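K.L.:
Got a structure for you, written out below as structure tokens; questions coming shortly.
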Amino acid sequence: MQNILDQVYEQAVQYTRFGKVADYIPALSLCDGSQLGLAMATKDGQIFSVGQAEQRFTVQSISKVLSLAYVLTVSGEDEVFARVGKEPTGDPFNSIIRLETSARRKPFNPFINAGAIVVSGLMPGATPNERIERFCHFLADLVGQDNIVIDATVYQSEKATAARNRAIAWFLKELQLIDGEVEDTLDVYFRQCAVLFSAVDLAKFGLMLALDGWDPCQKRQILIPRQARIIKSLMTTCGMYDGSGEFAVEVGIPAKSGVGGGIMATVRDRMGLGVYGPALDERGNSTAGLEALRRLSNALDLRVL
Ligand code: GLN
């Protein structure tokens, strides 16, 4: 297994030069675009890794999976999907257009920014601080760590520049999909996006999803199977933004990416995969990460679609 991972790394790392690090969040432009880290957590509890797999980076949109998992456990499926749909859009992650034009008047899914901001608004707690603290507590349990760290620089940098996310959030307020203060909900959203994980952490999370919510390291059920199924289905149809269809064809497994360069993927009953490669394509997906997953899927016959 390690040999396969090493070979895939050697080939995929060449693809870092076809991408660019995100710079619309100014602090992200400081990342080193030539980096690549790959991690695999297998059902029997082994971890394989290569490159910058221990390097921590901001999860960005991968936090949308984490917040959905959390809110499903604290609020339940009905409450969540009363405010957000389960359908792909084919639009970029930060698109606002369908909020106004769709007759349903709610975001299409929880993995575009609009849907994720609604989900952040459902986190329980009196203040943004309390909400994020309780969320981080859930995450610490999830990855079996003592504490979860938020990158303050990236958080502040996004908060200071997020005109488009503010526009989306105010639109959601008008649709009565956000209760309370818009800026408080945005604050929670920016902080969850700046949570630091490594590729290894992502692989472990992916493994838990692969085992229908069972964490083999902690030997306990973290999510009920239905919650894991909802999350994996949405990852399949919406996880790679407007590249989800092509990813399904080329790689064929549920995955979720973030503009920090991460991709978390899951292979039913077999393994979780974590990638860090901050050079991105025009859709916001890691170029080397996509190539690595494509090669791994072929080499190990991971395709489930
Ligand atoms: N925080 C980022 C944003 O809202 C997350 C986007 C992403 O990773 N695609 O723009």
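The values are calculated or read from the model by the stated rules, or taken from the named source; none is laboratory data. This is a predicted model, so every value here is computed, not measured. Here the Cβ is made from the backbone with ideal geometry for all residues, glycine too, and neighbour counts use every protein chain on show.
K.L.:
Restricting region 234-277 to residues that are part of a loop (DSSP other than H, G, I, E, B) and within 12 Å of the chain's Cα centre (by Cα), which is surrounded by the fewest Cβ atoms within 10 Å (Cβ to Cβ)? Full working, then the answer.
P.N.:
Here is the first cut: in region 234-277, the ones part of a loop (DSSP other than H, G, I, E, B) are 239-240, 251-254, 258-261, 268-270, 277.
From the residues that got through so far, the ones that are within 12 Å of the chain's Cα centre (by Cα) too are 239-240, 254, 258-261.
Values: GLY239: 31, MET240: 28, PRO254: 28, GLY258: 28, VAL259: 26, GLY260: 30, GLY261: 36.
Among those residues, the one meeting the criterion is VAL259.
K.L.:
For region 187-212, which residues satisfy the criterion of being buried (at least 20 other Cβ atoms within 10 Å of the Cβ) and more than 23 Å from ARG56 (Cβ to Cβ)?
P.N.:
The answer is LEU211, and nothing else.
K.L.:
Still on this model: Quick check on region 82-98: of everything there that is hydrophobic (A, V, I, L, M, F, W, C) and crowded, with 22+ Cβ neighbours inside 10 Å, which residue is nearest to VAL59 (Cα to Cα)?
P.N.:
PHE93
K.L.:
Look through ALA288, ALA203, ALA292, ALA228 and report the one residue that is in a helix (DSSP H, G or I), among the hydrophobic types (A, V, I, L, M, F, W, C), farther than 15 Å from LYS64 by Cβ and free of Cβ contacts under 8 Å to residues at least 40 places away in the same chain.
P.N.:
Just a single option satisfies the conditions, and that option is ALA228.
Residue by residue, here is whether (1) buried (at least 17 other Cβ atoms within 10 Å of the Cβ); (2) within 17 Å of the chain's Cα centre (by Cα) holds:
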{"site": "LEU68", "(1), (2)": "yes, yes"}
{"site": "SER75", "(1), (2)": "no, no"}
{"site": "VAL80", "(1), (2)": "yes, no"}
{"site": "ARG105", "(1), (2)": "no, no"}
{"site": "ALA114", "(1), (2)": "yes, yes"}
{"site": "VAL119", "(1), (2)": "yes, yes"}
{"site": "GLY125", "(1), (2)": "no, no"}
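K.L.:
Hey, could you check region 216-225 for residues that are surrounded by fewer than 20 Cβ atoms within 10 Å (Cβ to Cβ) and either within 16 Å of the ligand (Cβ to nearest atom) or touching a residue at least 24 places away in the same chain (Cβ under 8 Å) (or both) and say which is farthest from GLU133 (Cα to Cα)?
P.N.:
Among them, the one singled out is PRO216.
K.L.:
Can you work out which of the residues in region 139-171 that are of a type in the set (D, E, K, R) and not in a helix (DSSP H, G or I) is farthest from the ligand (Cβ to nearest atom)?
P.N.:
Selected residue: ASP146.
One line per residue, one yes/no per condition, for (1) under 22 Å from TYR155 (Cβ atoms); (2) modelled with pLDDT of 95 or more; (3) within 16 Å of the ligand (Cβ to nearest atom); (4) not in a helix (DSSP H, G or I):
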site: ASP6; (1), (2), (3), (4): no, yes, no, no
site: ARG17; (1), (2), (3), (4): no, yes, no, no
site: GLN55; (1), (2), (3), (4): yes, yes, no, yes
site: ILE62; (1), (2), (3), (4): yes, yes, yes, no
site: THR73; (1), (2), (3), (4): no, yes, no, no
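K.L.:
Does VAL275 qualify as being away from the ligand (no atom under 16 Å from the Cβ) and either in contact with a Leu (Cβ under 8 Å, 6 or more places away or on another chain) or of a type in the set (A, V, I, L, M, F, W, C) (or both)?
P.N.:
no
Every residue, every condition in (1) in contact with a Lys or Arg (Cβ under 8 Å, 6 or more places away or on another chain); (2) closer than 24 Å to SER286 by Cβ, yes or no:
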| residue | (1), (2) |
| --- | --- |
| PHE171 | no, no |
| LEU177 | yes, no |
| ILE222 | no, no |
| ILE231 | no, yes |
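K.L.:
Would you confirm whether or not region 77-95 contains a residue that is away from the ligand (no atom under 16 Å from the Cβ) and among the hydroxyl-bearing types (Ser, Thr, Tyr)?
P.N.:
no
K.L.:
In addition: Regarding region 31-48, can at least one residue be identified that is within 14 Å of the ligand (Cβ to nearest atom) and either within 19 Å of the chain's Cα centre (by Cα) or without any contact (Cβ under 8 Å) to a residue 24 or more places away in the chain (or both)?
P.N.:
yes
K.L.:
Return the only residue of GLU246, GLU250, GLU174, GLU183 being under 26 Å from ILE97 (Cα atoms), of a type in the set (Asp, Glu), modelled with pLDDT of 95 or more and more than 16 Å from the ligand (Cβ to nearest atom).
P.N.:
Checking each option against the conditions leaves just GLU246.
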